[in-house]
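The values are calculated or read from the model by the stated rules, or taken from the named source; none is laboratory data. The structure presented is a predicted model; accordingly, all values stated were derived computationally and were not measured. Here the Cβ positions follow ideal geometry from the backbone for every residue, glycine too, while neighbour counts run over all protein chains shown.
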Amino acid sequence: MSYKNKVIDLTHTLNPEIPTWDGSCGFTIDTLVDHHECQGPYTFKAQKFTLLASAGTHIDSPAHVFTHGATTDQIHVDNLIALAVMIDARSKVTSSYVVSEQDIIEWEYIHGTIPDQAIVCICTGWDVRWSDKDLYRNNHQFPSISAQAAQLLSTRNIKGIIVDTLSPDRPDNGYPVHHIFLEKSIFIVENATNLHYIPPCQSQVVVAPLLIEGATESPVRLLALVPE
Ligand SMILES: [Zn+2]
């Protein structure tokens, strides 16, 4: 039996205008040497990047919240590829929407219990605001996840959770969702895009962080493999 996958890019492109948590510049790119500055028949352009660990589409490891938690380089590669579960909350979403326990229960009523070892993608559609950093950041008013929903998801033995906003928590809720997931070594990916292209189940998702020793967060290339 042969089958083909369509590859969907769930990653935002990094540039100096990307939205960031505190509104500061998250990424710069400088030219160290350009083609016209080189001698000889073969020329080069070399660059230097400066970026926040949380620039763009990125992963939070347990060490982001817990002093002795695992860092991004300590997350086993087996945990970075998994069945994708996509929970589509777009029809209900407002800037103050909180994904509830009921949203998870409704998904499971239709599709069955979230499988062991899945990576759960919460699609709110907030990614359409990405190109306008103020609209995306929106003074930290964006769709989030309730502590109860996070508790329920954390009982499903999942590998990770992916959101298409700056965070599954808002500053006004005290960050319970980060604690609930990272305490159980369930990683969090923030600022994903294109989650609506993933069907509710049956796809795979690949989370590829930079391999940086001691990093608590890291930009990722995030891909979905969707059966055609
Ligand atoms: Zn985070």
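Test each condition in (1) part of a loop (DSSP other than H, G, I, E, B); (2) closer than 23 Å to HIS140 by Cβ for ILE59 and report the one that comes out false.
Condition (1) is where ILE59 drops out.
Search the range 165-177 for residues that are closer than 14 Å to SER96 by Cβ and among the acidic types (Asp, Glu) and pair each with any residue that is part of a loop (DSSP other than H, G, I, E, B) and within 11 Å of the ligand (Cβ to nearest atom) when their beta-carbon atoms are under 9 Å apart and the residues are at least 6 apart or on different chains.
The qualifying pairs are ASP169/TYR175.
Can you pull out every residue in the range 36-62 that is surrounded by 15 or more Cβ atoms within 10 Å (Cβ to Cβ) and farther than 18 Å from VAL163 by Cα?
So the first thing to find is which residues in the range 36-62 are surrounded by 15 or more Cβ atoms within 10 Å (Cβ to Cβ), and the list is 51-62.
Scanning the range 36-62 gives LEU51, LEU52.
Scan PRO209, PRO176, PRO200, PRO171 and give me the residue that is in contact with a helix residue (DSSP H, G or I) (Cβ under 7 Å, 6 or more places away or on another chain) and at pLDDT below 95.
Details: PRO209 fails: at pLDDT below 95; PRO176 fails: at pLDDT below 95; PRO200 fails: at pLDDT below 95.
Only one candidate passes the filter, namely PRO171.
Quick check on this structure: which one of GLY125, GLY112 is away from the ligand (no atom under 16 Å from the Cβ), farther than 20 Å from SER218 by Cβ and within 15 Å of the chain's Cα centre (by Cα)? Walk me through it before giving the result.
Numbers: GLY112 fails: within 15 Å of the chain's Cα centre (by Cα).
After applying the criteria, what remains is GLY125.
Considering (1) in a strand (DSSP E or B); (2) within 20 Å of LYS159 (Cβ to Cβ), say which one ASN79 fails and leave the rest.
The number of the failed condition is (1).
Which one is surrounded by the fewest Cβ atoms within 10 Å (Cβ to Cβ) among residues in the range 1-23 that are touching a residue at least 24 places away in the same chain (Cβ under 8 Å) and out of contact with any strand residue (DSSP E or B) (no Cβ under 7 Å at 6 or more places or on another chain)?
Looking at the filtered set, the residue picked out is LYS4.
For the range 18-35, which residues satisfy the criterion of being closer than 18 Å to ASP164 by Cβ and not aliphatic (A, V, I, L, M)? Walk me through how you get there before you give the answer.
First pass over the range 18-35, keeping only residues closer than 18 Å to ASP164 by Cβ: 18-21, 26.
Selection gives PRO19, THR20, TRP21, GLY26.
Only one residue in VAL93, VAL99, VAL65, VAL85 is closer than 19 Å to ILE122 by Cα, surrounded by 11 or more Cβ atoms within 10 Å (Cβ to Cβ) and within 16 Å of the ligand (Cβ to nearest atom), so which one is that?
Numbers: VAL93 fails: within 16 Å of the ligand (Cβ to nearest atom); VAL65 fails: closer than 19 Å to ILE122 by Cα; VAL85 fails: within 16 Å of the ligand (Cβ to nearest atom).
None of the other options fit; the residue is VAL99.
Can you name every residue in the range 161-192 that is more than 15 Å from GLN148 (Cα to Cα), within 10 Å of the ligand (Cβ to nearest atom) and of a type in the set (D, E, K, R)?
GLU190
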